[in-house]
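J.: Right, I'll just put the structure down here and ask away after.
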Amino acid sequence: MEFRYFASESESLNKTNVHVLLVSFPAQGHVASLMKLAHRLADCRVKVTFVTTEFICERIKESQQLGSFSEMGDAQQLVRIVPLPDGLEPEDDRKDEAKMTRSISKVMPGYLEELIQKINQQEDDEKITCVIADVTFGWALQVAAKLGLKKASVYTSAPGILAMIMNIPKFIEAGIISSDGIVIKNEKIELSPYLPAASPAEFLWNCPGNPSLQTLMFQYINVIRQNIEASDRILCTWFHELAPSANKILPSIIPLGPLIANGQPTGNFWSEDLTCLSWLDKQPPGSVIYAAFGSISKLSQQQFNELALGLELAGQPFLCVVRPGFINGSSTNNPDGLVAKVADFGKMVKWAPQEKVLAHPSVGCYLTHCGWNSTMEGISMGVPFLCWPWGYDHLYIKSCICDDWNIGLWLEPDDNGIIGRHEIKRKVDELLSNDVVRKNALKLKELAQKGVTKEGSSSKNLEFFIKQITE
């Protein structure tokens, strides 16, 4: 199934006078989300300069994604990538997000300002008029303000998480949390009318057993809140029908989702293994368990063994993504010979073309870490979820999937924090036979597709946004 977008009236133009600059946080989920936004804008004849770090640009190039930009259609050739230095040395650990973020915020604003000035001196008719930045990069909005450009932020998580962030001052005032984010009242909190309430365990900054990290996370999230407040517009990756009351959180919210790549390159850090598509072609309709845990989740060797043995015990064909570094402490992608053990009924790959996999008729359910990009992709393809949240916003998104939208089931860990093989089999059996969950998933898929039709809410919102930045 190909997700069909309908662009605004500006699509009929042979040439655009609109040029925006997109700045992405250098992480897989952020790069992919903003790259999809870049393609969506290009469909509407908006020229996009996509800024990322030199290090990330090299990773994309190594995965053979960057070269494909020259092979895209006319609209997508409006997208170009420009790498900028992150200020770190080659030997520095870029997995240390705090160190990387500090370095970027110190050196990149100067490079970004220089880039914009250079582009605008060279291009008379297509000057950059708007900077669109990841919500984590408030400094990019400051550069835009300094140069007199319009500015917008891209928010890449769930509506309820946005409400959680924006309500922090109210939570402190009400005595729900302390001024450094520590929970005072251990009870479910209403985030906004018609949005699922959140338990303290689902707070974005919650880091059990690590109070110093929790303090740092809380400070970081408060900075994000300030960045959002400084934005003229907040571009969101959901669609209006998913959370109709979300605009009450902030009047500047503009839902543009779902953002689907439709085969366009999205800046993958790993090469997609396309052999899984021909493997899926050989499986019965609705039979395959697709298991993928995003770009940062990790499992212990013990937990991975339970996952593999649980998939085997479930007795269904499965496709499992095991990216490099997914198993803590393992230097091999074939721990304990499990790949050979499951070869007769399952397939393991390092990275998959996820949208194509989820859209394949043989896929019956999606075992996921509940990252927001993955959740929106699963919703867009109408696939029921098996939820295995890892951290950050995943726990709250799991509650949305299972309790609010009723399109999935939660895999519950035992007293030792391990999700066992029998729990996996039990929930697979329950999900594949649950007609209510499947019907709900198909209803949400229909709403997601409707949002990007010509008269859909997301298409209208995109047209509105483009008019705003051209006036």
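J.: Would you check if there is a residue in the range 420-427 being surrounded by fewer than 22 Cβ atoms within 10 Å (Cβ to Cβ), touching an Asp or Glu at 6+ places or on another chain (Cβ under 9 Å) and within 18 Å of S374 (Cβ to Cβ)?
T.: no
J.: Give the residues of the range 180-216 that are among the small types (G, A, S), within 21 Å of T136 (Cα to Cα) and surrounded by fewer than 20 Cβ atoms within 10 Å (Cβ to Cβ), sorted by residue number.
T.: S212
J.: Now for a separate question. Pull out all pairs, ordered by first then second residue, where Cβ-Cβ is under 6 Å, the residues are six or more apart or on different chains, the first lies in the range 188-213 and is without any contact (Cβ under 8 Å) to a residue 40 or more places away in the chain and under 14 Å from Y396 (Cα atoms), and the second is among the aromatic types (F, W, Y) and not in a loop (DSSP other than H, G, I, E, B).
T.: W205/F218
J.: Something else: Look at the range 379-411 and say how many of its residues are part of a helix (DSSP H, G or I) and in contact with a Pro (Cβ under 8 Å, 6 or more places away or on another chain).
T.: Qualifying residue count, the range 379-411: 10.
J.: Being among the aliphatic types (A, V, I, L, M) and either out of contact with any Lys or Arg (no Cβ under 9 Å at 6 or more places or on another chain) or more than 25 Å from M100 (Cβ to Cβ) (or both): is that true of L147 here?
T.: The answer is yes for L147.
J.: Further question on the same structure: Give all pairs with beta carbons closer than 8 Å in which a residue from the range 20-45 that is more than 15 Å from A152 (Cα to Cα) and outside the structural domain of T237 (by TED's automatic domain parsing) meets a residue that is hydrophobic (A, V, I, L, M, F, W, C) and buried (at least 24 other Cβ atoms within 10 Å of the Cβ); count only pairs at least 6 apart in sequence or on separate chains.
T.: none
Conditions (1) closer than 26 Å to V437 by Cβ; (2) modelled with pLDDT of 95 or more; (3) aliphatic (A, V, I, L, M); (4) in the same structural domain as E377 (by TED's automatic domain parsing), marked per residue:
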site	(1), (2), (3), (4)
W279	yes, yes, no, yes
S287	yes, yes, no, yes
L309	yes, no, yes, yes
F318	yes, yes, no, yes
P324	no, no, no, yes
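J.: What about L195, is it part of a loop (DSSP other than H, G, I, E, B) and either at pLDDT 90 or above or assigned by TED's automatic domain parsing to the domain that holds C400 (or both)?
T.: no
J.: If you take the residues in the range 233-248 that are modelled with pLDDT of 90 or more and in a loop (DSSP other than H, G, I, E, B), which one is surrounded by the fewest Cβ atoms within 10 Å (Cβ to Cβ)?
T.: Per the criteria, the residue is P244.
J.: Quick check: is even one residue across the range 118-127 in contact with a Ser or Thr (Cβ under 9 Å, 6 or more places away or on another chain), among the aliphatic types (A, V, I, L, M) and either in a helix (DSSP H, G or I) or buried (at least 22 other Cβ atoms within 10 Å of the Cβ) (or both)?
T.: yes
J.: Those residues that are without any contact (Cβ under 8 Å) to a residue 24 or more places away in the chain and either in a loop (DSSP other than H, G, I, E, B) or on the phi > 0 side of the Ramachandran plot (or both), I need them from the range 85-103; list them, please.
T.: Listed by number, the residues that qualify are G87, E89, P90, E91, D92, D93, K95, D96.
J.: Is the range 251-258 home to any residue that is buried (at least 19 other Cβ atoms within 10 Å of the Cβ), modelled with pLDDT under 95, more than 25 Å from P361 (Cβ to Cβ) and not β-branched (V, I, T)?
T.: So far as the range 251-258 goes, no, none of its residues is buried (at least 19 other Cβ atoms within 10 Å of the Cβ), modelled with pLDDT under 95, more than 25 Å from P361 (Cβ to Cβ) and not β-branched (V, I, T).
J.: Going through the range 52-64 one residue at a time, which ones are in contact with a Leu (Cβ under 6 Å, 6 or more places away or on another chain) and either within 15 Å of A152 (Cβ to Cβ) or small (G, A, S) (or both)?
T.: none
Conditions tested, residue by residue: (1) surrounded by fewer than 21 Cβ atoms within 10 Å (Cβ to Cβ); (2) acidic (D, E); (3) touching a Pro at 6+ places or on another chain (Cβ under 7 Å); (4) over 25 Å from I253 (Cβ atoms).
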residue: N416; (1), (2), (3), (4): yes, no, no, yes
residue: S433; (1), (2), (3), (4): yes, no, no, yes
residue: N440; (1), (2), (3), (4): yes, no, no, no
residue: K443; (1), (2), (3), (4): yes, no, no, no
residue: A448; (1), (2), (3), (4): no, no, yes, no
residue: G456; (1), (2), (3), (4): yes, no, no, no
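J.: Determine which member of the set V154, V223 is outside any loop (DSSP other than H, G, I, E, B), surrounded by fewer than 20 Cβ atoms within 10 Å (Cβ to Cβ) and among the aliphatic types (A, V, I, L, M).
T.: Being outside any loop (DSSP other than H, G, I, E, B), surrounded by fewer than 20 Cβ atoms within 10 Å (Cβ to Cβ) and among the aliphatic types (A, V, I, L, M) holds for just one of V154, V223, which is V223.
The values are calculated or read from the model by the stated rules, or taken from the named source; none is laboratory data. Predicted model, so just to flag it, every value in this text is computed and none were measured. For neighbour counting, all protein chains shown are included, and Cβ atoms are generated from backbone atoms with ideal geometry for every residue, glycine included.
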